[in-house]
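The values are calculated or read from the model by the stated rules, or taken from the named source; none is laboratory data. Keep in mind the model is a prediction, meaning the values are calculated, not measured. Methodologically, a virtual Cβ is constructed for each residue, glycine included, from the backbone with ideal geometry; neighbour enumeration extends over all protein chains shown.
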Amino acid sequence: MEKNQLLKEGVAGSAIEVTGNTVNDVLKHHYVEEKPNPRNLVLLSLHRRANQGARLHQLLEQVAQITKAYPNLKFTWLMHPTPKVRAAVSKYTDCLQLLPNLPYPEVVKLYSQCRLVITDSGGIMEETAFLGIPRIIIRTHNERIGLLQAKDTFVYHPRHGNLSRIFDQALRTEGAKSKVYGEGDASIKIVDALIGRNVLQVPDRVASKETVKLVS
């Protein structure tokens with residue numbers, strides 16, 4: 001879909017290489033499916049300026065109500081360094097488990113327990129799509145148009161007022177692994193494209209996959 005958008009904007013098709021996003025390469029490297037796995041974790045992470053202040057407070061109040069309706073689920077907020085966000089979320093420790101800003105491999109471990117994600121993070125959107133974890137996106141504008149038509153993607157804005165309805169719908173939706181942002185081999189495709197366009201020179205005896213291993 002992003003390619004189609006570029007074509008609409010007048011970019012020549014010959015100038016476009018569809019490779020996927022390298023974030024999924026890293027995710028594929030670190031992710032391990034844990035079994036048995038109850039998947040009872042609801043992971044939350046918001047930080048964008050548009051979702052701060054009164055809007056964040058409104059959202060937190062709705063999340064607090066939802067936690068009471070779903071006592072079997074573990075609501076975990078992945079904290080962001082933004083001071084305003086940390087200050088607001090810290091008032092809800094009675095219903096949310098707060099985690100510090102974790103190293104990436106630790107975040108990936110959380111995904112194996114996730115039933116649902118609520119976020120405004122573009123990276124988390126792509127990662128959960130790749131893993132097939134349903135997601136509620138808290139954004140009014142989203143450049144990741146490839147996700148918006150997925151059945152396990154739900155878009156919400158705090159001013160809509162009824163997060164519980166969307167939450168219940170998302171919770172009952174089965175996630176579907178998506179390859180819209182690649183299959184975890186974007187790095188290889190990028191190197192191949194650069195070699196094919198004579199932008200990157202490598203010895204003839206070195207295959208692109210070996211090149212990726214050397215530079216990764």
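Quick look at the values:
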{"quantity": "Failed item in (1) within 15 Å of the chain's Cα centre (by Cα); (2) surrounded by fewer than 21 Cβ atoms within 10 Å (Cβ to Cβ); (3) at pLDDT below 90, with residue 182 passing the rest", "calculated": "(2)"}
{"quantity": "Neighbours by Cβ (under 8 Å, 6+ apart or cross-chain): first from the range 24-42, aromatic (Phe, Trp, Tyr); second surrounded by 15 or more Cβ atoms within 10 Å (Cβ to Cβ)", "calculated": "31/108; 31/111; 31/112; 31/131"}
{"quantity": "Matching residues in the range 35-61 - criterion: being in contact with a Ser or Thr (Cβ under 8 Å, 6 or more places away or on another chain), farther than 20 Å from residue 99 by Cα and not hydrophobic (A, V, I, L, M, F, W, C)", "calculated": "37"}
{"quantity": "Residues of the range 11-62 satisfying the condition of being touching a strand residue (DSSP E or B) at 6+ places or on another chain (Cβ under 7 Å) and modelled with pLDDT of 90 or more", "calculated": "40, 41, 42, 43, 44, 45, 46"}
{"quantity": "Meets criteria (surrounded by fewer than 19 Cβ atoms within 10 Å (Cβ to Cβ), aromatic (Phe, Trp, Tyr) and more than 25 Å from residue 32 (Cβ to Cβ)) for residue 92", "calculated": "yes"}
{"quantity": "Output for the range 163-183, where each listed residue is over 12 Å from residue 118 (Cα atoms) and among the hydrophobic types (A, V, I, L, M, F, W, C)", "calculated": "176, 180"}
{"quantity": "Test: residue in the range 4-17 that is within 21 Å of the chain's Cα centre (by Cα) and not polar (S, T, N, Q)", "calculated": "no"}
{"quantity": "Index of the failed condition, residue 160 passing every other in (1) outside the structural domain of residue 81 (by TED's automatic domain parsing); (2) at pLDDT below 90", "calculated": "(1)"}
{"quantity": "Helices (runs of 4 or more DSSP H) contained entirely in the range 1-91, each with at least 2 residues that are over 30 Å from residue 185 (Cα atoms), in the same structural domain as residue 163 (by TED's automatic domain parsing) and not hydrophobic (A, V, I, L, M, F, W, C)", "calculated": "54-69, 83-89"}
